[in-house]
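Below is one structure; the comments refer to it alone.
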Amino acid sequence: MARLLQAPPKFHLSEWDIANKMQCASTESQKSRSERMIAESRRLRDEIEKTTQKTQSDVNKKIEQRRDEIKFWKQELDNKLEQIVHETEVLLTFKTRLEKALESCKEPLDVAQKCLLSRQRRAGIDLVHDEVEQELVKEAEVLQGVIALLERTLEQTNEQIRLNRSAKYNLEMDLKDKFTALTIDDYCASLTNNTPDIRYADNALKIEGNFVSPEDWIDFSNMNVEKAEKQRNNSLALRALIDGILSQTATDMRKQRETVNVVFRNRVKEVKDAKNKLETLLAMVMDETASQEKNIAALKKAIADKEGPVKVAQTRLEARNHRPNVELCYDTVQYRLTSEVQEITKNIQRQDTLAQAETELKALSRRQLSLEEEIQVKENTLYIDEVLCVQMRESVSINNF
């Protein structure tokens, strides 16, 4: 107990003095270190503030530059989209022209084929492979060639329209992405340190695998622009080609149509001339037939007129043959009667031209029938060529589309 109540040890005055001095020195040292830390912290805060402001300012500039880049490419894409849309619309009108031109070829081809078929009904010698038929066949071939060319061109046009629309789709998708990116960067540009909805994002620094480099980003849009420009140029060239094809085919069809019409007119004239000549010959044959009929009637009358004299002479000879005995004399009368009978018989025989005349009459009748048949053939040909074919062709017109 006495040990517990023992008084604490006492220090020497020098120790007390040293302890006070040490406290002062330690305090001064701590104060100095604190002041240095405060100054360093102030410097560090100022430095960080400046760095942060500078970095944020630089980021703001980068965002603004990025927005300008996006706006530039967005404008480029917009311009190219407008061009490709306009070009596609124009090309669609050219497609319509091709379709109308193709449809307009069907009637001329149908008429040409009908003309060829109708002309197969020509008869006899008129069923000839004439110049009209040659030109009709050529016309059908020209029209079939034009149809085939227009069909190929229409297929090419449809494919070009598809390619234009594909380029348009790529531009629209790129523009859609550009619009979204620009909207996001506009939002980012509007953010400040005092914006209410700013927040911490734990995954902000995480880099996704689908990030692309700026070069790839530019190349992507540039490729879409170049593809669209290429398809637009192809479309322009195709339109020029279509213009040339439509113009040339219309010229070829019109030229061939006129050629066929000319040979048709010439052929109709030839057939009419031939028919007129045949009709002239028919009239001549009919006149000759009438003359021959008169000749035959005259010959028959002449023969009939000799029947009386020959009967008289033969009756006299028969009667004188019954003279008796020596009276049966070959006298002058007997001689003259005999010569009369011989003379009349000979004259009658000389008129055997009746048979020849009748033969000629039959030949004239056959010739008349042949001419009439040939005239009917020509009339049939004229009906086919002039009435059916020519009038049918008059309804056909070749238009420029």
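The values are calculated or read from the model by the stated rules, or taken from the named source; none is laboratory data. All values derive from a computational prediction rather than experimental measurement. Backbone-built Cβ (ideal geometry, glycine too); neighbour counts: all protein chains shown. Each accessible area value is taken on the protein alone, full model and side chains, heavy atoms only, with ligands, DNA and RNA left out. Shrake-Rupley method; radii C 1.70, N 1.55, O 1.52, S 1.80 Å.
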Cross-link candidates for K178: which aspartates and glutamates have Cα within less than 13 Å, leaving aside residues fewer than 8 places away along the same chain? D68, E69, E76, D78, D186
Beyond 36 Å, what share of the Cα-Cα pairs of the chain remains, rounded to the nearest whole percent? 71
Can you sort R97, R336 by 1.4 Å-probe accessible area, starting with the largest? R336, R97
Normalised Cα Rg of region 93-228, dividing by 2.2 N^0.38 Å with N its residue count, works out at 2.27
Using only DSSP helix segments of four residues or longer, with each worth -39500 (n - 2.57), what per-residue ellipticity at 222 nm results for the chain after dividing by its residue count and rounding to 500? -30000 deg cm²/dmol
Sites E288 and Q391, calculated FRET efficiency, Cβ-Cβ separation with R0 51 Å, nearest 0.05: 0.85
Between Q65 and N158, what's the calculated FRET efficiency when r is the beta-carbon distance and R0 is 41 Å? Round to 0.05. 0.40
So which of K114/K277; K95/K168; K269/K378; K275/K362; K62/K227 end up more than 20 Å apart by C-alpha? K114/K277; K275/K362; K62/K227
T183-A148 pseudo-label distance in nm [points 7 Å out on the Cα-to-Cβ vector]: 5.5
What is the mean projected area of the alpha carbon convex hull for region 23-118, to one decimal in square nanometres? 10.5
Expected output is a single nm value to one decimal: the length gained when fully extending between K31 and T353, i.e. 0.36 nm times separation in residues minus the C-alpha distance. What is it? 98.5 nm
Given a 1.4 angstrom probe, I'd like the percentage of the accessible area of the chain that is carbon and sulfur, rounded to a whole number. 55
Calculate, for region 244-306, the solvent-accessible area per residue in square angstrom, rolling a 1.4 angstrom probe over the heavy atoms of the protein chains. 59
Label-point separation (nm) for I18 and R316, each offset 7 Å from Cα along Cα-to-Cβ? 22.1
Which FRET efficiency, nearest 0.05, do A302 and Q376 yield, Cβ-Cβ r, R0 35 Å? 0.35
With just the Cα atoms defining each centre, how far is region 136-197 from region 15-56? Give it in Å. 69
